[in-house]
Amino acid sequence: MTNKDLAELIFPNITKTIEDYEKEYPERNLPEDAIVTRFAPSPTGFVHMGSLLASFVERKAAKDTNGVFYLRIEDTDQERKVENGIIGITTDLKNFGISIDEGAISETEEIGSYGPYVQSSRREIYHAFMKRLVEQGLAYPCFCSKEELEEIRKAQEKRKDRIGYYGRYAKCRKIPVADAIERIKNGEPFTLRLKSPGDYNKKIVVKDLVKGNISFPENDMDIVIMKQDGLPTYHFAHLVDDHLMRTTHIIRGDEWVSSLPTHIQLFQVFGFKPPKYAHISPIMKEEGGVKRKLSKRKDPEAAMSYYHEQGIPVYAVQLYLMTLANTNFEQWWDANKDKTIDDFEFSFSKISKSGGLFDVEKLLNISKNYLSRIKATEFYDMLVSYAKEYDEEFYELITKYKDFTIGLLNIEREQKKPRKDYAKFSDVKELVWYMYDELFEKHEKDYEFSTITDRNEIISMMETYIDKYYDESDDQQTWFEKIKDLSEEFGYAREVKDYKENPDKYKGHVGDVSMVIRVVLTTKSMTPNLYDIMKLFGKNRIISRIEKLKELKKTL
Ligand code: GLU
């Protein structure tokens with residue numbers, strides 16, 4: 001009775017070999033430095049901020065090098081599976097503009113020629129690799145029950161030994177092949193374990209692209225590679241997949257660092273070249289001066305839905321991810337305002353070793369800058385799709401008054417220092433409701449008059465302005481000259497400077513008068529450029545706003 005017999009007994013139907021699969025999934029025909037990398041989540045139905053960052057980095061690294069970024073679904077742990085768990089992930093990725101070159105695209109479909117990309121569909125492939133190990137005596141069946149494993153653990157605790165299945169504790173390692181065959185034939189359940197060639201007293205050094213060289217003791221644990229249900233464990237599946245899918249770089253969260261000795265060993269056992277590893281530290285959050293990991297439970301911004309509901313544009317999130325990913329990005333972006341993320345060269349060495357600090361304020365600031373730099377029409381389109389989902393009333397208005405809305409969004413845009421007032425689409429309505437009669441009608445009106453507050457004077461000023469000075473076709477300069485004329489007529493200085501020199505001679509200055517116009521029209525003391533607002537309004541709406549003030553019951 002040989003290992004070959006044992007392998008044949010466990011895997012009677014496996015006829016394809018490792019070499020067959022290597023032929024089927026050949027080396028990729030890519031430029032030498034091309035990065036082939038993957039996002040490999042369990043099908044839990046969602047992506048959280050940490051894995052969004054990792055997949056963003058993966059996408060970027062692959063794109064920069066004309067490589068491949070693929071999505072592999074790691075569902076060997078059937079307990080973690082949720083219904084529609086894949087769709088949830090592909091949707092989140094799509095929503096954040098992270099496209100894949102290969103991999104799962106729905107619960108049942110995939111693209112690319114290195115698949116299947118869902119691990120539970122790769123059982124036979126894993127079995128071919130396991131069969132080889134059993135044939136070579138590098139893996140063996142383990143019959144230990146849960147209780148027996150528990151006993152081993154207790155004994156180890158008592159002796160203050162390392163916990164695990166290794167060395168003299170690896171009971172089933174010593175079972176003669178003939179006995180193992182007998183027990184399997186008798187229907188005893190078993191798992192398969194790797195016969196680890198490692199020595200805990202020896203060290204291995206792994207170069208991590210983020211963390212630098214890390215030294216570990218060799219792995220000497222006989223890890224389970226196949227569970228009783230015939231599915232591989234995560235460690236084993238990742239080895240087979242990353243080998244056959246020709247992964248060059250494994251970029252993932254640093255909770256996987258401690259698995260490195262096991263992973264490297266698996267590659268070595270098969271004589272495969274291991275990929276390069278980059279472990280990204282978790283995103284941190286500072287609260288009350290204390291740093292902790294960003295938490296899905298405590299921090300709303302850890303969930304992708306937050307960005308949608310708030311209406312934070314996808315590209316702003318990407319820009320922010322890039323600042324988290326590469327510490328030098330922000331400065332670069334400041335200096336290269338008209339370039340895009342694609343123009344920035346990503347580098348592993350610029351990933352923060354300690355983990356980026358998540359700061360919503362900073363994200364909003366980035367978003368503000370971004371939104372100030374795009375075209376009004378582009379802003380408008382995104383605003384429409386946001387409002388469509390989250391604010392029906394506003395959606396109706398901005399689509400009904402499309403040109404007006406674009407005109408409004410265009411105020412103080414496309415200039416050297418564009419106006420920055422919107423950080424997210426949910427801000428817009430609250431900032432510009434006064435522009436729409438329908439909203440003006442309903443809104444609580446708190447007129448922010450400051451120096452001139454006499455109601456009669458305000459109304460008479462406005463009426464004089466409309467009757468005597470207002471002309472729809474005036475350019476900005478003429479328009480302002482006329483406000484100066486109006487000021488003079490009411491006893492206010494034409495220039496602020498005149499007023500300052502001779503405060504007793506005037507009731508105030510031109511600034512006070514334009515403030516009156518602004519507040520009558522919008523109720524607000526701070527608005528985008530008044531000239532532009534008035535142009536958009538036209539005479540009738542200006543008159544109707546004067547009427548509204550006249551109707552107002554409360555005192556100013
Ligand atoms: N399936 C693992 C996870 O859920 C992937 C780890 C890896 O990228 O190797 O995070």
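Hey, Ser426 hits all of (1) within 29 Å of the chain's Cα centre (by Cα); (2) in a helix (DSSP H, G or I); (3) free of Cβ contacts under 8 Å to residues at least 60 places away in the same chain but one; which does it fall short on?
Unmet condition: (3).
Quick one: in the stretch 5-51, which of the residues that are among the aromatic types (Phe, Trp, Tyr) and within 14 Å of the ligand (Cβ to nearest atom) is surrounded by the fewest Cβ atoms within 10 Å (Cβ to Cβ)?
Per the stated criteria, the residue is Phe46.
Do we find a residue being of a type in the set (D, E, K, R), modelled with pLDDT of 95 or more, in contact with a Phe, Trp or Tyr (Cβ under 9 Å, 6 or more places away or on another chain) and buried (at least 24 other Cβ atoms within 10 Å of the Cβ) anywhere in the stretch 61-81?
yes
How many residues, within the stretch 76-85, are charged (D, E, K, R), away from the ligand (no atom under 11 Å from the Cβ) and in a loop (DSSP other than H, G, I, E, B)?
Total satisfying the criteria: 2.
What tally of residues in the stretch 239-280 results from selecting those that are surrounded by fewer than 20 Cβ atoms within 10 Å (Cβ to Cβ), touching a residue at least 60 places away in the same chain (Cβ under 8 Å) and near the ligand (Cβ under 10 Å from one of its atoms)?
Here the count works out to 1.
Those residues that are among the basic types (Lys, Arg) and loosely packed, with under 15 Cβ neighbours inside 10 Å, I need them from the stretch 107-152; list them, please.
Scanning the stretch 107-152 gives a single hit, Lys146.
When you scan the stretch 466-556 for helices (runs of 4 or more DSSP H) that lie fully inside it, which ones turn up with 3 or more residues that are surrounded by 13 or more Cβ atoms within 10 Å (Cβ to Cβ) and not aromatic (Phe, Trp, Tyr)?
Filter on the stretch 466-556 gives 476-489, 510-522, 530-551.
Is one or more of the residues making up the stretch 56-67 touching a Lys or Arg at 6+ places or on another chain (Cβ under 6 Å) and either within 14 Å of the ligand (Cβ to nearest atom) or of a type in the set (Lys, Arg) (or both)?
no
Looking at the stretch 201-218, which of the residues that are under 29 Å from Val57 (Cα atoms) and of a type outside the set (A, V, I, L, M, F, W, C) is farthest from the chain's Cα centre (by Cα)?
By that ranking, first place goes to Ser215.
The values are calculated or read from the model by the stated rules, or taken from the named source; none is laboratory data. Predicted model, so just to flag it, every value in this text is computed and none were measured. With ideal geometry, Cβ positions are generated from the backbone for all residues, glycine too; neighbour counts draw on all protein chains shown.
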